[in-house]
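Written below as structure tokens is the structure these notes are about.
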2 protein chains.
Amino acid sequence: MRVDVGSSLSMSRLEGASVIVETVASALEPPFQRPRGNRRGHGRTTLADVARHAGVSPITASRALNKPLLVAPETRARVERAVAELRYIPNIIAGSLASSSPSAVAAILPSLDNSIFTDVLKGAVGALERSGYRLVLGNSHFDPAVEATLVETFLAHGVGAIMLTGARHAPQTQSLLTNARIPVVQTWSLPRRPLGACVGFSNFAASYAMAHHLIERGYRDIAFVSAAVARNDRAAARRRGYAKALADHGLVNDPSTTLESPFGLAAGAAALERILSVRPSTDAIFFANDVLASGAVLAALRLGLRVPGDVAIAGFDDIELAGHLMPPLTTVRIDRIGLGKAAAELMLEALAGTPFKGRRVDIGFEVIARATT
Amino acid sequence: MRVDVGSSLSMSRLEGASVIVETVASALEPPFQRPRGNRRGHGRTTLADVARHAGVSPITASRALNKPLLVAPETRARVERAVAELRYIPNIIAGSLASSSPSAVAAILPSLDNSIFTDVLKGAVGALERSGYRLVLGNSHFDPAVEATLVETFLAHGVGAIMLTGARHAPQTQSLLTNARIPVVQTWSLPRRPLGACVGFSNFAASYAMAHHLIERGYRDIAFVSAAVARNDRAAARRRGYAKALADHGLVNDPSTTLESPFGLAAGAAALERILSVRPSTDAIFFANDVLASGAVLAALRLGLRVPGDVAIAGFDDIELAGHLMPPLTTVRIDRIGLGKAAAELMLEALAGTPFKGRRVDIGFEVIARATT
DNA sequence: ACGGTAGATGTTAGCGCTAGCACACTTTCC
DNA sequence: GGAAAGTGTGCTAGCGCTAACATCTACCGT
């Protein structure tokens, strides 16, 4: 295994000491003995310092900060004053080691380039806001091996729950997760037998619906572009939904106009040009994500192609840009913020003890017919 | 102080145990005594278990994993086998408490909605990849109070260095940072007296250059739109640069066409309409970020306005969309990935002991004249 | 042969914090 | 009025891991 790159996003709650501006920490160093062999030379203020300053035991100081209701108001006030005067910053590392209770949950996203994932994040952060759990985020770059390493890292850091994207994961990921016995939420799709719970929608059905919409509009010579299906089970499901719709209506599904594409506006533009050169009779292109579709719409404008006159274009996701394009893009709307929120809430419920295993939350989808079809 | 929402992105290095697929952990639980009063009922495999299984002392097992060169190859192999067989996952929390050495650095960004910040992230993650430090990311939502709380949280978590966005910070942030005595890198601007080091460019000069470009092209009735300057020192500096350029060329700087705007394509569109209604004679609009400018270009297309015929539009940042618009957007290019990389490298150097304080790295800017002006 | 040095492993003592219990010292109740 | 049930605080003993030192073995040169 090699170096792994991940990323984490955390949300946290921290009681802040009001800050006294003068520097007092060293002046107030207690004159008492330090245990010999004390290794910390850096002298960061500890809870013991605070306790001494407040004239209470360390455990009382700890309680005053973490379980204020168990401490007499007057004692608590003394501790709080000591905290402020010493500019005490708790050592959360030590705290969570001692209590061995998770203080964070993790989410692993395949990318941060696409705003669809940051929207999910937004929803999750919102739901976690008042929970007391931080959210740590990993970026798997659509690589199952990186995902597995991230899972391992997060387990090593003691997260209480993990949110994954998609239904397909490395065997190692699954065994790590099973072994760790922590709640897992899969997002963006609805596996029949989720690892823990899942929140998503039927990518197959959504894609089928969009393909159906195109066929209904009268398009007959349709092309399809998605991300590489090998690394992306959502893209794979969308391609299946598209293929099924074509088959159900007796249309040919030409493999030469069923493309896999990298990500980005430029890639969408390239796919458009490629398809029109491979098969000029194409009358509609269904892109399995809006960034590609937007790239194509913008390219059409540059090339002087009329949309949908010369070629219709449909997308998937309903990103902000979709509605601002000229013409505005037909797409499939997914409530990404709701998805993130639901996933986070499932994790919180699981951490609170609610039965969780096997729950499947369908957030649905909506075909938004705008002007590119 | 209140609940704080942040976010973190981490990059990490973790030696992975090769995984044996059958579940062996419980079967291999050592038959030996457990110290009485052991509080952990969950039975996660510890390093002590591994050591026992390998027939060595815990410290040797620790060394075999963390300082392999200090351990005889044969012993190391035994430990590694034990790790694999027991599916041992190290407890990083405990490790970093014991060693009290930082294992992460933090970056605080004002937003994840704008791809310019995720680009910086990309650069930073790249530089940190092989360093052994994780990167933790906080999202301040352009709020200095949230930033202060994030700083506090990160200090509580023991990060070794912090990267901030912009030059302006709450007094509390500054005092926390001074007190913590850890390296701080400020990004996106070049304060004369940085808290630690800084990496950025002159927002004033870049903005001046773009305004100069517009004036040079013959535009005389120029408007300016930026984010709210009160919460964004970069926007403030850009507005000053714009104003200076106008003044230097004897042009009027009409306050009624100097706008502050929320973020997003829709906001850019609204700003365009607002300016053209307030002052129909406006011949150019300089947007201090590309998302607003792009929203305006797209809106112009919808409204049937010719760009630059009816109104010229300039942006700032050079996001991907800028080059794909029709017409492609004139903007200021910033090497954001390079910025993130340089900032991360500064942190690493500081952690390695290189003198650091006061270093100012100018990454420059480049006016990209495309077709909207 | 000897101390000397390097290499490999173990012993001890915490890192800073918090469960779990123990211990006053109330307050409440029949 | 005495047991029962709080309330507030402190002590002890770790959480799982690792720094620092101590050992304990080769192996070295002179």
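The values are calculated or read from the model by the stated rules, or taken from the named source; none is laboratory data. Computed from a predicted model, the values in this text were never measured in an experiment. Quick reminder, even Gly has a Cβ in these numbers, built from the backbone with ideal geometry, and neighbours come from all protein chains shown.
Residues of segment B:213-231 being in a helix (DSSP H, G or I) and either over 24 Å from the mean Cα position of the chain (by Cα) or over 21 Å from B:Gly295 (Cβ atoms) (or both), which ones?
Taking segment B:213-231 first, the residues in a helix (DSSP H, G or I) are B:213-216, B:229-231.
If the condition is that a residue be in a helix (DSSP H, G or I) and either over 24 Å from the mean Cα position of the chain (by Cα) or over 21 Å from B:Gly295 (Cβ atoms) (or both), then B:His213, B:Leu214, B:Ile215, B:Glu216, B:Ala230 are the ones that fit.
Against the condition more than 18 Å from the chain's Cα centre (by Cα) and in the same structural domain as A:Ala352 (by TED's automatic domain parsing), how does A:Leu164 come out, does it pass? Spell out the reasoning first.
On the way: more than 18 Å from the chain's Cα centre (by Cα): no; in the same structural domain as A:Ala352 (by TED's automatic domain parsing): yes.
Judged against the criteria, A:Leu164 is not a match.
Scanning segment A:172-197 for residues that are within 14 Å of another protein chain (Cβ to nearest Cβ) and at positive phi turns up just one, A:Arg181. Scanning segment A:105-117 for residues that are buried (at least 20 other Cβ atoms within 10 Å of the Cβ), within 9 Å of another protein chain (Cβ to nearest Cβ) and within 22 Å of A:His169 (Cβ to Cβ) yields a single hit, A:Leu112.
Taken over segment A:92-120, the criterion of being under 13 Å from A:Ile162 (Cα atoms), in contact with a helix residue (DSSP H, G or I) (Cβ under 7 Å, 6 or more places away or on another chain) and away from DNA strand D (no atom under 16 Å from the Cβ) is satisfied by A:Val105, A:Ala106, A:Ala107, A:Ile108, A:Leu109. B:Ala296 satisfies every condition listed in (1) in contact with a Leu (Cβ under 7 Å, 6 or more places away or on another chain); (2) crowded, with 24+ Cβ neighbours inside 10 Å; (3) under 30 Å from B:Val185 (Cα atoms) except (3). Given the criteria at the interface with another protein chain (Cβ under 10 Å from one of its Cβ atoms), near DNA strand D (Cβ under 9 Å from one of its atoms) and hydrophobic (A, V, I, L, M, F, W, C), does B:Ile89 qualify? Considered against the rule, which asks whether it is at the interface with another protein chain (Cβ under 10 Å from one of its Cβ atoms), near DNA strand D (Cβ under 9 Å from one of its atoms) and hydrophobic (A, V, I, L, M, F, W, C), B:Ile89 comes out as yes. Under the condition of being within 14 Å of DNA strand C (Cβ to nearest atom) and aliphatic (A, V, I, L, M), which residue from segment B:80-100 is farthest from the chain's Cα centre (by Cα)? The qualifying residue farthest from the chain's Cα centre (by Cα) is B:Ala82. Residues that are within 11 Å of another protein chain (Cβ to nearest Cβ) and in a strand (DSSP E or B) within segment A:138-171 comprise A:Gly138, A:Asn139, listed in sequence order.
Of the residues making up segment B:332-373, those that are within 19 Å of B:Ser294 (Cβ to Cβ), touching a residue at least 60 places away in the same chain (Cβ under 8 Å) and assigned to a strand (DSSP E or B) are B:Val332, B:Val367. Is it the case that some residue within segment A:300-320 is assigned to a helix (DSSP H, G or I), within 14 Å of another protein chain (Cβ to nearest Cβ) and buried (at least 18 other Cβ atoms within 10 Å of the Cβ)? Checking segment A:300-320: at least one residue is assigned to a helix (DSSP H, G or I), within 14 Å of another protein chain (Cβ to nearest Cβ) and buried (at least 18 other Cβ atoms within 10 Å of the Cβ).
Across segment B:63-77, which residue is farthest from the chain's Cα centre (by Cα) among those that are within 11 Å of DNA strand D (Cβ to nearest atom) and either more than 14 Å from chain A (Cβ to nearest Cβ) or hydrophobic (A, V, I, L, M, F, W, C) (or both)? Let's see the steps before the verdict.
Filtering segment B:63-77 for residues within 11 Å of DNA strand D (Cβ to nearest atom) gives B:63-67, B:70.
Next, from what is left, pick out any that are either more than 14 Å from chain A (Cβ to nearest Cβ) or hydrophobic (A, V, I, L, M, F, W, C) (or both): B:63-65, B:67, B:70.
Working: B:Arg63: 34, B:Ala64: 35, B:Leu65: 32, B:Lys67: 32, B:Leu70: 37 Å.
Among residues in segment B:63-77 that are within 11 Å of DNA strand D (Cβ to nearest atom) and either more than 14 Å from chain A (Cβ to nearest Cβ) or hydrophobic (A, V, I, L, M, F, W, C) (or both), the one farthest from the chain's Cα centre (by Cα) is B:Leu70.
For every residue, the table says whether it meets (1) under 26 Å from B:Ala352 (Cα atoms); (2) more than 16 Å from DNA strand C (Cβ to nearest atom); (3) not in a loop (DSSP other than H, G, I, E, B); (4) not assigned by TED's automatic domain parsing to the domain that holds B:Ala350.
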{"position": "B:Asp49", "(1), (2), (3), (4)": "no, no, yes, yes"}
{"position": "B:Arg63", "(1), (2), (3), (4)": "yes, no, yes, yes"}
{"position": "B:Glu74", "(1), (2), (3), (4)": "no, no, yes, yes"}
{"position": "B:Arg78", "(1), (2), (3), (4)": "no, no, yes, yes"}
{"position": "B:Ala107", "(1), (2), (3), (4)": "yes, yes, yes, no"}
{"position": "B:Gly123", "(1), (2), (3), (4)": "yes, yes, yes, no"}
{"position": "B:Ala127", "(1), (2), (3), (4)": "yes, yes, yes, no"}
{"position": "B:Val136", "(1), (2), (3), (4)": "yes, yes, yes, no"}
